[in-house]
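Only one structure is covered here, and it is reproduced in the block below.
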Amino acid sequence: MPHARPVILRVALPVPLRRGFEYFAPPAMTRPPGPGTRIHVPFGKSRWRIGIVLGNSMRSELPSGRLKTAGAIIDDEPLFSADHFRLLLWASEYYQHPIGEVLFGALPGALRKGKTVELKSDRVWRLSRAGQSQADGGTRLGPKQAALLSLLQQSADGILEGEMRLHHEIGRATLKSLQAKGRIESAPAPGPVEAPRPVSAQVALNAAQARAAGQIAAELGRFQPFLLNGVTGSGKTEVYLNLINTVAGSGSQALVLVPEIGLTPQLVERIRARIGSRVALMHSSLSESERLASWLQARAGQADVLLGTRSAVWTPLRKPGIFIIDEEHDSSFKQQDGFRYSARDVAIMRARDAGVPIVLGSATPSMESLHNARTGKYTELRLPQRAGDALPPEIRIVDLRHQRLDGAISLPLIQAIDRELAARRQVLIFLNRRGYSPVILCHACGWMATCKRCNVPLTWHKRADRFLCHHCALQSRLPLRCPECGAGELLEVGHGTERLAETLSRRFPEARVLRIDRDSTRRKGVMNRMVESIATGDADILIGTQMLAKGHDFPNLTLVGIVDADRGLYSTDYRSGERMAQLFMQVSGRAGRAEHRGTVMIQTHHPDHPLLRSLIEHGYGGFADAVLRERRDAQLPPYSYLALLRAEHYRPETPQRFLDAARGMLEQRAGGLQIFGPVPAPMEKRAGRHRFQLLVQGNSRAALHKALRSWTQELEDIPGARQVRWSLDVDPVDLS
Ligand code: ADP
Ligand code: ZN
Ligand code: ZN
């Protein structure tokens, strides 16, 4: 008998190399581990790492003396189903990203570190016998403890441990201290979580909603993409809820992706209230163990709904029934660094694989999705009217030319704010620029505070008393005098949200002004509290960046002022017009959702700008027609396909040389492709590195991808490839 030849495993490691690593299978193995199984492998000098098996074979290209033997196998069963594994391989190939980083990126942190896969049974907290009997006496309690006690008095069945922090903001310390006092106890949750009764009743859909939901439901069990094109407040969310209910009722799962959960807590609450607690969340502000729990629940089919942001698209589902992408146009679905995937596009691929319908919802669909609807790839469903009686807001242009301004606010806008406040209604003033002023200038010599690492003006943050570079986060103090001429008064030029809040507080001293931007909501839970105080009427004037543009429903808000429309009108990026229009429509959608008609006032120095006019006169649909015509004439996406090769280095020659070489390689195989560059990136320098890029455009996706495949292999071998930081962005959404 010849010796049995040892099996060779191909293993992916979380390293930026576009290949698998080979190892002899461990000797004690009964059968080779399947693709998607984690295994310990030696890597580098006497180090062990966790890898994921890609496959096995009997032969290796390498001489057998060079192969090491793998260590222990971690999982009894592969982590991913065969379908899911195929999706990950596809994504690695489509986005030309190293397979190891793709696979590990799809795992929650705890599994990346080697934690074993087991669903711990959940625990509940409830009153102890002692806690029940002395419900109103006994030892003195702190306010948090008292709140917890009264919460548990209202919950006869106890409260799941995971819910405590997530929904009641009760931390471990409070639980432990009351437990130590003998007032509460923890116990295993009774059995697997069974579907609890929904808390709030179904809403009866209106005719348009019912038609949309019916058409989608008719395709359950089949792949079919839908574009749910409905104005803000038209009841898209109700359509989702209806479908989720149907799907959950038949024992399958819904995957719901939203741009940013922190910004849409109302959506989470609505789903929970309607569907019950079998909703698993997946987003970045969860703890590692919460993410693991959600991942495992979704994979085991214990969650009816997986609701999450971009990365949730990689979570395995036992029985997918429907995919829903809310605000499908939002650019946060595209990851902008590392593995640059589009969660929306991956979800479409995944839905196709799984044979289930996918719903892309938006009031302002992306040009890609509109194009797909017009060419028949997607079925478009429209909800043209707001649900209930709310009328669309009235849009008014404020021509800023020759207007006197108070800070950044014109007299007509001031008067309008005055009227709304007098009627005890709320006002939202939108300015997508945080900080106090975007420029600080010396009045004597013209010196300007700039970030030396990025060559852009520094933003002055008055409250924090420092300059901030919004591109590289560099911080510095304000000099007392001009560093250039030593004299000179330093002028604050331009307006950010901080300054706007100052202006409006001065102008309306009685009004309660609330500023909502990334700076004012940095601490956890603050955003939720602010949104609550708006809902309860504890704020009169809201000043917000795009954080406040989405998702929220403030019935008493009747006036939206857009301070600066001009910034979005002129930009080098071909998508900036689309983005501006989407943002305007989203912000405008905040006005007048209930019984009072809303008004939107747009301040601009360019009241006749064609994009602005088409948006105001023909709405988003007419605007989109104009943009799509432009794109077709210029052969830009969605009429062509792009890939962007970026490179950066501290010395400008290095990335240029790399991209020149890259261009040369691509030209040899570039049948039907157009190559532009290398050119400096629109943002030429960031954090001290000079940035260059090469744009590749193809009229056929297949041809583009065929060329990219072999190209990226060779890029790694360009002399100097190790020196530059380079990345390939397939279907880029941001060309800066
Ligand atoms: P969208 O997601 O399109 O912005 P929502 O689903 O949030 O819209 O609905 C906007 C408002 O209208 C919400 O307050 C919602 O409760 C209400 N609404 C939606 N559909 C109906 C309906 N069929 N009947 C009554 N109210 C509805
Ligand atoms: Zn000066
Ligand atoms: Zn900087």
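The values are calculated or read from the model by the stated rules, or taken from the named source; none is laboratory data. Remember, it's a predicted structure, so these values are computed and weren't measured experimentally. Quick reminder, even Gly has a Cβ in these numbers, built from the backbone with ideal geometry, and neighbours come from all protein chains shown. Note: areas computed on protein heavy atoms with side chains; ligands, DNA, RNA excluded. Shrake-Rupley method; radii C 1.70, N 1.55, O 1.52, S 1.80 Å.
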Using alpha carbon centers only, segment 624-703 is separated from segment 207-241 by a whole-angstrom value of 37
With a 1.4 Å probe and every protein chain kept in, tell me what percent of the accessible surface of segment 255-413 is carbon plus sulfur. 46
Distance in Å, no decimals, from the C-alpha centre of segment 381-429 to the one of segment 525-574 is 12
Table column - 3J(HN,Hα) (Hz), segment 88-102, Karplus curve with 6.51, -1.76, 1.60, x for Gly and Pro: 5, 5, 4, 5, 4, 6, 5, 8, 6, 10, x, 4, x, 5, 5
Residues meeting the amide H criterion for Arg686 (H placed from the backbone, H to H distance under 5 Å, 5 or more places apart or on another chain) are Arg691
If you count the DSSP beta bridges with both ends in the chain, what percent of them are antiparallel, to the nearest 5? 55
Mean accessible surface per residue for the chain, computed with a 1.4 Å probe while every protein chain stays in place, in Å²: 47
Phi-derived 3J(HN,Hα) across segment 553-566 with the Karplus relation (6.51, -1.76, 1.60, θ = phi - 60°), rounded Hz, x for Gly and Pro, is 10, 10, x, 8, 8, 10, 10, 10, x, 9, 5, 9, 7, 6
Identify all lysines with a Cα-Cα distance to Lys115 below 22 Å; exclude those on the same chain that are fewer than 8 residues away in sequence. none
For Val439, which sequence-distant residues (separation of 5 or more, or a different chain) have an amide H within less than 5 Å of its own amide H, given hydrogens modelled in the peptide plane? Trp460, Val493
Only helices counted: for the chain, with every DSSP H run of 4 or more residues adding -39500 (n - 2.57) and the sum spread over all residues, [θ] at 222 nm is -9500 deg cm²/dmol
³J(HN,Hα) computed for each position of segment 523-534 - Karplus, 6.51 cos²θ - 1.76 cosθ + 1.60, integer Hz, glycine/proline x: 6, 5, x, 5, 4, 4, 5, 5, 4, 5, 5, 5
Expressed in angstrom and rounded, the centroid-to-centroid distance over alpha carbons for segment 10-86 and segment 330-360 is 28
Surface share of carbon and sulfur [accessible, 1.4 angstrom probe, percent] for segment 598-718: 48
Where Rh denotes the Kirkwood radius from the mean inverse Cα pair distance, what is Rg over Rh for the chain? 0.98
List the trypsin sites (Lys or Arg not before Pro) within segment 1-97 that DSSP assigns to loop and that have no more than 11 neighbouring Cβ atoms inside 10 Å. Lys45, Arg59
Would you mind checking which residues have amide H under 5 Å from Ser234's amide H? H placed 1.01 Å from N; only 5 or more apart, or other chain. Ala387
Under the rule rounded for a/c under 1.5, else prolate if a/b exceeds b/c, else oblate, using alpha carbon gyration tensor axes a ≥ b ≥ c, segment 449-510 is classed as oblate
